[in-house]
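All remarks here apply to the structure that follows.
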Amino acid sequence: MPEVAEPFILRRAVRHLERGRLVIFGAGTGNPYFSTDTTAALRANEIQAEIILKATKVDGIYDKDPAKFPDARKFDELTYMQCLAQRLNVMDSTAFSLCMDNKVPIMVIELNDPEAIKKAVTGEKIGTLVHE
């Protein structure tokens, strides 16, 4: 992996951010029972990130699977509690709890949209935002 990216070292990641550099976290922690969602939530909390961008197969969070149900309704915005009450599987429960407990918003965007990240960071209405 060193040929592609640096290993995660918290102080180094924070230093890159302080210098105005973009830091992208990839892969998991290498520990069993920790998903990539949990890793994203953990790292976001460690660096005090403003938001998590979660890229998925669909362009946001729906009330049911839009691939199976043509009448599925997309949400533009939800609270953490609405996600829990409606049992919307945004992330695994550990990751979601970390975000909710530490008030880190989650923006769900489409993985296959090459403009999605740009739209999200420039403030365009895209995907679904989960927050307090």
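Descriptive notes on the structure:
- For the stretch 60-76, a residue qualifies if it is surrounded by 13 or more Cβ atoms within 10 Å (Cβ to Cβ) and of a type outside the set (F, W, Y), and the qualifying residues are G60, I61, D63, P66, A72, K74.
- Members of the stretch 51-79 that are more than 15 Å from the chain's Cα centre (by Cα) and either of a type outside the set (D, E) or under 30 Å from L10 (Cα atoms) (or both): Y62, K64, P66, A67, K68, F69, P70, A72, R73, K74, F75
- Test: T36 is out of contact with any Lys or Arg (no Cβ under 7 Å at 6 or more places or on another chain), polar (S, T, N, Q) and either within 19 Å of K119 (Cβ to Cβ) or at pLDDT 95 or above (or both): no
- Pairs where the first residue, in the stretch 12-36, is within 16 Å of A95 (Cβ to Cβ) and the second is of a type in the set (A, V, I, L, M) and part of a loop (DSSP other than H, G, I, E, B), C-beta under 6 Å, 6+ apart: none
- Within the stretch 94-120, if we keep just the residues that are surrounded by fewer than 13 Cβ atoms within 10 Å (Cβ to Cβ) and without any contact (Cβ under 8 Å) to a residue 40 or more places away in the chain, the residue that is farthest from G60 (Cα to Cα) turns out to be D101.
- Each residue in the stretch 56-78 was checked for being in a strand (DSSP E or B) and closer than 19 Å to A40 by Cα, and 2 pass.
- Matching entry among Q82, Q86, Q48 (being surrounded by fewer than 17 Cβ atoms within 10 Å (Cβ to Cβ), of a type outside the set (V, I, T), more than 21 Å from N112 (Cα to Cα) and within 14 Å of the chain's Cα centre (by Cα)): Q48
The values are calculated or read from the model by the stated rules, or taken from the named source; none is laboratory data. Note that the structure is a prediction, hence the values are computed from the model and not measured. A quick note on method: Cβ atoms are made from the backbone with ideal geometry, for glycine too, and the neighbour counts reach across all protein chains shown.
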